[in-house]
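Shown next, in structure tokens, is the structure this report addresses.
Here, each number is a calculation from the coordinates, and none is a lab measurement. Just so it is clear, the structure is predicted and the values come from calculations on it, not from any experiment. Note: ideal-geometry Cβ built from the backbone for every residue, glycine included; neighbour counts use all protein chains shown.
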Amino acid sequence: MTSLDTIISLAKRRGFIFPGSDIYGGLAGTWDYGPLGVLLKENIKREWWRAARQLPEGKTFSLDSSIISSAKVWQSSGHTDHFTDPLVECKKCKRRFRADHIESDKCQECGGELTAPRSFNMMFKTSVGAVEDESSTAYLRPETAQGIFINFKNIIDAFHPKLAFGIAQIGKAFRNEITPRNFVFRSREFEQMELEYFCDPKDADKYFSDMRDARMQWFLDLGIKKENLRFHDYAPDELAHYSKATTDIEYRFGLSKDGFSELEGVANRTDFDLKNHFVGYRWVGDDFIRSEDGFIPNVIEPSVGVDRALLAFLIDAYDEDELAGDKRAVLRLHPKLAPIKVAVFPLVSNKENVVAKAREVFDMLNSDRSSLITAWWDDIGNIGKRYRRQDEIGTPWCVTVDYQTLEDGTVTVRDRDTAKQERVAISEIAGRFIEKLS
Ligand code: ATP
């Protein structure tokens, strides 16, 4: 099992993720994404959008709602009263812990006595405008979903969709977690990918079960090993007050007793949210209007953190093996997720004609019209070292330009997983990579 420390250290060393506010001593629960982290997140999000827009039935609308939102949104949604975690404090060292995360009634840091649990609301409060009073209070959203619910009627009025249909959104969410920990698994600022699939209540059970399977398949298709994933179906007494059925997709992060923790939640949220935001409204015919007839659409919600998914992809892809007697670390990321698709090397960096030819190959790959290829230039150190660097960041292919290239227009293409090399004509390489990426 890959330790979290291995991943944290690789992520920092190779420019995926850095601690937030690092040079000023850090700010707990915040992380800054470096160049490779940005590319990896972008690829995860692209694959999520693709899946969200290719639902077998109905249509999916995209949304980008605001992060700062009226206090009224969170009163209606129930977050002001219920979005709380039980907090205990050590009477001696004043450290705070989530009551449901501790294993004894003594402080795990200093052994001091703990207070009784009290409710702690996790929403970040802020004030909008020049005057700070109760009417200026607003919140940073703790989930993107409510932005979708409050825009439900706007989407209906603009597009007149028939049920069933989805509204999807990717965006930042903020939670003042009592104990942010385990790297990007639990942070205070993170990104969510949420889809709300609205349907006739009579179809909700079927859509819930389809969604649950489709979301599991998404992770499998992107290369996560089957044995590291499982469903956790909630028992009736575990369900949130708004939910009729919930299943977590759990991944073996190695952070809990049996190793598995929530990666994504899929919930049947019934009519709870629409009922609270649009009091008196019902679906009649193909419209959503004030009425006593009709019904309130039910909603199926798959919700997953970009950062938590990224961590699962990193842990799952990390491997160590031996090549020609040398130990190497390799990220076996699915090519669609790999931040860099192909690295281009001139075999030697002091021969002008080899370097110029390599530049030509690099420029050709980098300007690829399909936008599927992200190319990277590296001319530092010997070829073996350059291969190792690319292996460690998950680059599926390396292209080396050498003296033979100048004679016959072929390059060496080396495969990350097998470390096998073959000679391929320059005119064929882009097409070959695009085929594997699409
Ligand atoms: P947990 O029980 O782990 O606190 P949750 O049940 O509160 O999670 P949801 O509200 O269902 O989480 O959020 C949906 C998804 O958002 C989670 O499955 C997870 O992927 C992600 N997520 C939630 N909280 C965080 C966080 N603090 N940091 C990173 N990702 C998060």
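Measure up LYS59/LYS244; LYS226/LYS336; LYS162/LYS341; LYS275/LYS336 against 30 Å on the Cα-Cα distance and list the ones that go over. Cα-Cα > 30 Å for LYS162/LYS341; LYS275/LYS336; rest within.
Could you calculate the contour length gain from ARG369 to LYS257, that is, 0.36 nm times the residue separation minus the distance between their Cα atoms, to one decimal place in nm? The span from ARG369 to LYS257 would gain 35.5 nm if fully extended. Ordering VAL38, VAL73 by the number of other Cβ atoms within 10 Å of each residue's own Cβ, fewest first, gives VAL38, VAL73. For the chain, the longest principal axis of the C-alpha atoms and the axis of helix 4-13 are separated by about 60°.
In this structure, the amide hydrogen of ALA138, modeled 1.01 Å from its nitrogen in the peptide plane, lies closer than 5 angstrom to those of THR126, SER127, VAL128, counting only residues at least 5 positions away or on a different chain. Based on DSSP H segments of at least four residues, each scored -39500 (n - 2.57), the chain has a per-residue ellipticity at 222 nm of -9000 deg cm²/dmol.
By the count of other C-beta atoms within 10 Å, a proxy for reagent exposure, VAL401, VAL348 are ordered fewest to most as VAL348, VAL401. Straight-line reach only, C-alpha to C-alpha below 19 angstrom: list the aspartates and glutamates that LYS106 could link to, leaving out same-chain residues fewer than 8 apart. Cα-Cα hits under 19 Å: ASP85, GLU89. Tell me the angle of helix 204-221 to the major Cα principal axis of the chain, expressed in degrees between 0 and 90 and rounded to the nearest ten. Tilt of helix 204-221: around 20 degrees. Rounded to the nearest 10 degrees, the angle from helix 383-393 to the longest Cα principal axis of the chain is 10 degrees.
Counting charges near ILE289 (Lys, Arg +1; Asp, Glu -1) among other residues having Cβ under 11 Å from its Cβ returns a value of -2.
Taking 0.36 nm per residue of separation and subtracting the current Cα-Cα distance, fully stretching the chain between HIS241 and GLN217 would add 5.8 nm.
Between SER349 and GLU320, the contour length at 0.36 nm per residue exceeds the alpha carbon distance by 7.5 nm. The phi-based Karplus calculation (6.51 cos²θ - 1.76 cosθ + 1.60; θ = phi - 60°) puts the 3J(HN,Hα) values of the stretch 100-106 at 7, 10, 9, 9, 9, 8, 10 Hz, whole numbers, x for Gly and Pro.
Given a Förster distance of 25 angstrom, what is the FRET efficiency for ASN176 paired with PHE231, based on the Cβ-Cβ distance and rounded to 0.05? Efficiency, rounded to the nearest 0.05: 0.25. Counting only residues at least eight positions apart within a chain, or on another chain, the lysines with an alpha carbon under 17 Å from that of LYS172 are LYS41, LYS45, LYS125. Scaling against 2.2 N^0.38 Å puts the C-alpha radius of gyration of the stretch 250-398 at 1.72.
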